[in-house]
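Where a number appears in this text, it was derived from the coordinates with a stated rule and is not lab data. Here the structure is a predicted model, which is why all the values come from computation and not from measurement. So basically every Cβ, Gly included, is an ideal-geometry build from the backbone, and we count neighbours across all protein chains shown.
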Amino acid sequence: MIHLFNTLSRKKEPLEAITPGHIGLYTCGPTVYNYVHIGNLRTYVFEDILVRALKAKGYQVNHVMNITDVGHITGDADLGEDKMEKGSKREGKSAWDIARMYTQAFEQNMIDLNILEPNTWCKATDHIPEQIAMVQTLMDKGFTYETSDALYFDTTKIDDYGKLANLQNQQLQAGARVEMGEKKNPHDFALWKWSKEGENRQMEWDAFGRKGFPGWHIECSAMAVKYLGEHFDIHCGGIDHIPVHHTNEIAQTEAATGIKPWVNFWLHGEFLLIDSEKMAKSGENFITLQTLKEKNIDPLAYRFFLLQTHYRKQLNFSFEALEAAAAGYKKLKRMVREIPEHTARDPRIHEEFMKAVKDDLNMPEALAVLFMGLKDNLVDLETIIEFDKILGLRLHDIEKVDISDDVQSLLDRRQKARDEKNWELADLLREEIQSLGYVLEDTSDGQKVERE
Ligand code: AMP
Ligand code: ZN
């Protein structure tokens with residue numbers, strides 16, 4: 001059985017699916033007012049490992065990811081600007097164009113990092129009626145109040161507000177720091193914001209008798225309930241989502257449906273740091289996957305870099321550390337290519353690898369097992385292909401390369417030698433091809449070469 005660290009209980013717990021064999025999973029997607037940075041991508045890679053591990057354990061996973069294209073205010077206190085409208089002003093494009101452009105860029109990042117596509121992508125702006133309906137339910141049940149800037153959720157109306165973040169222990173300190181505006185209580189949050197007079201918003205809707213737009217948290221509640229129901233298995237994000245976004249999602253959803261718990265497991269990935277500070281979209285220390293590609297760094301080498309650290313540990317980024325990981329990744333691929341033919345698999349390696357995966361997705365340990373198995377000739381290609389379904393490192397993919405006539409003629413001679421079972425000559429020809437700067441692999445489809 002797979003064990004996962006549940007932020008709700010602060011313990012590793014065995015995962016028991018609500019419906020046997022099926023897992024409903026919601027992961028908070030990006031706010032598309034800018035490129036995502038490689039820190040955001042750390043969170044999406046951790047979630048991808050989760051999906052792949054669940055699939056490897058035989059679960060059918062229904063994975064839903066949202067795209068926040070409206071309503072995310074700069075700052076958690078609900079009093080800042082809307083990030084999409086801000087991005088639109090910055091770039092002189094419409095908010096809709098900004099959302100489209102950065103959503104596409106994000107999707108390309110997912111492809112480059114070999115992240116499996118969710119079963120459902122859902123955009124906040126495509127689900128406005130669902131959000132309005134949930135706010136209406138909360139109004140009807142008496143959980144809301146109105147101020148001059150928004151409809152707010154009254155957090156004192158529920159008795160377990162903040163259970164995810166253990167807020168009750170920090171209530172007073174947190175209260176002292178929160179900008180109150182007209183809010184009644186420090187943790188109250190906006191469900192639906194009113195458009196300001198003369199603000200000229202591009203994204204606004206008629207609801208509750210005037211023009212307005214959704215608060216950030218309501219989109220995830222409304223869409224997760226729509227696609228996964230009033231009780232589902234796992235919800236994920238980065239650790240910054242614990243005290244505000246996910247805390248508020250839980251409060252409003254459980255208040256609206258009356259069903260507790262809404263979600264059984266809450267999983268959170270730690271930050272990617274740079275110079276010991278959190279990489280942030282608003283900060284100076286912002287590195288995109290595109291920047292890595294421009295430096296000729298393979299995105300999968302970045303994925304390998306991430307897998308070397310457990311998702312619940314902070315990870316410091318530096319180009320030196322990434323280059324060391326890229327060398328490690330190359331070495332791993334080379335070891336896979338050089339697995340001797342007829343290697344017998346040792347079932348203990350498979351067992352140890354899966355033990356690490358099932359122990360709260362311990363990828364550093366799983367990689368160590370893999371390296372050890374390769375070093376001692378205990379894994380065959382089939383095992384690698386199976387492990388790679390979880391690692392997603394394309395360990396066995398060989399890129400097609402243009403080869404010169406000379407190399408092609410060596411390959412033809414080697415094929416002939418192999419057909420004639422002249423292994424000695426085949427080995428000599430392999431060495432000759434490799435001395436010309438190619439690596440060669442024998443696959444079930446014949447010989448494959450790529451540049452060293
Ligand atoms: P956002 O677009 O700001 O909502 O962030 C998208 C995802 O990236 C969320 O799950 C965040 O928790 C996560 N995230 C933000 N900054 C970092 C970071 N430096 N390292 C890892 N994950 C992050
Ligand atoms: Zn969310």
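Fewest-first ordering of Met223, Met84, Met110 by other beta carbons within 10 Å of each residue's beta carbon gives Met110, Met223, Met84. Counting only alpha carbon atoms, the long axis of helix 95-112 and the longest principal axis of the chain meet at about 30°. Note on the chain: Cα Rg divided by 2.2 N^0.38 Å, N the number of residues, gives 1.14. For the range 314-452, the dipole from Cβ point charges (+1 on Lys and Arg, -1 on Asp and Glu) about the Cα centre works out to 160 debye, to the nearest 20. Charge dipole (Cα centre; +1 on Lys/Arg Cβ, -1 on Asp/Glu Cβ; no other charges) of the range 12-269 amounts to roughly 300 debye. Note on the chain: dipole from Cβ charges, positive end direction compared against Leu41, Gly71, Leu332; the farthest Cα belongs to Gly71. By the count of other C-beta atoms within 10 Å, a proxy for reagent exposure, Met354, Met1 are ordered fewest to most as Met1, Met354. Per residue, the chain reaches -13000 deg cm²/dmol at 222 nm when only DSSP H runs of four or more residues are counted, each adding -39500 (n - 2.57).
Normalised by 2.2 N^0.38 Å, where N is the number of residues, the alpha-carbon radius of gyration of the range 274-391 equals 1.20. One Cα centroid belongs to the range 406-452, the other to the range 257-294; the line between them spans 45 Å.
Computing FRET efficiency as 1/(1 + (r/R0)^6) for Asn316 and Thr74, where r is the C-beta to C-beta distance and R0 is 45 Å, gives about 0.95. The stretch between Lys375 and Glu420, if pulled fully straight at 0.36 nm per residue, gains 13.2 nm over its current Cα-Cα span. Residues whose amide H falls under 5 Å from that of Glu13, counting only those 5 or more places apart or on a different chain, are Leu4, Phe5, Asn6, with hydrogens built in the peptide plane.
One decimal place: the segment Asp412-Glu432 gains 5.9 nm when fully extended, by the rule 0.36 nm per residue minus the C-alpha distance. For the pair Gln308 and Glu450, label points projected 7 Å from Cα toward Cβ lie 1.9 nm apart. Equivalent ellipsoid of the range 325-387: semi-axes from √(5λ) of the C-alpha gyration tensor, largest first, are 18, 15, 8 Å. The HN-Hα couplings worked out from phi for the range 319-329 by the Karplus form 6.51 cos²θ - 1.76 cosθ + 1.60 (θ = phi - 60°) are 5, 5, 5, 5, 5, 4, 5, 4, 5, x, 5 Hz, whole numbers, x standing for Gly and Pro. Model label sites at Gln290 and Arg348, defined 7 Å from Cα along the beta-carbon direction, differ in position by 5.0 nm. One chain, two ends: Lys11 and Gln136. Fully extended at 0.36 nm per residue, the span grows by 41.4 nm beyond their Cα-Cα distance.
Given R0 = 51 Å, the distance between the Cβ atoms of Met180 and Glu365 translates into a calculated FRET efficiency of 0.65. For the range 344-401, the set of GluC sites (Glu not before Pro) satisfying both a DSSP loop assignment and a count of at most 15 other C-beta atoms within 10 Å is given as Glu399. Taking the Cα centre of the range 127-242 as origin and assigning +1 to Lys and Arg Cβ atoms and -1 to Asp and Glu Cβ atoms, the resulting dipole is close to 120 debye. With a Förster radius of 30 Å applied to the beta-carbon distance between Ser195 and Lys226, the computed FRET efficiency rounds to 0.75.
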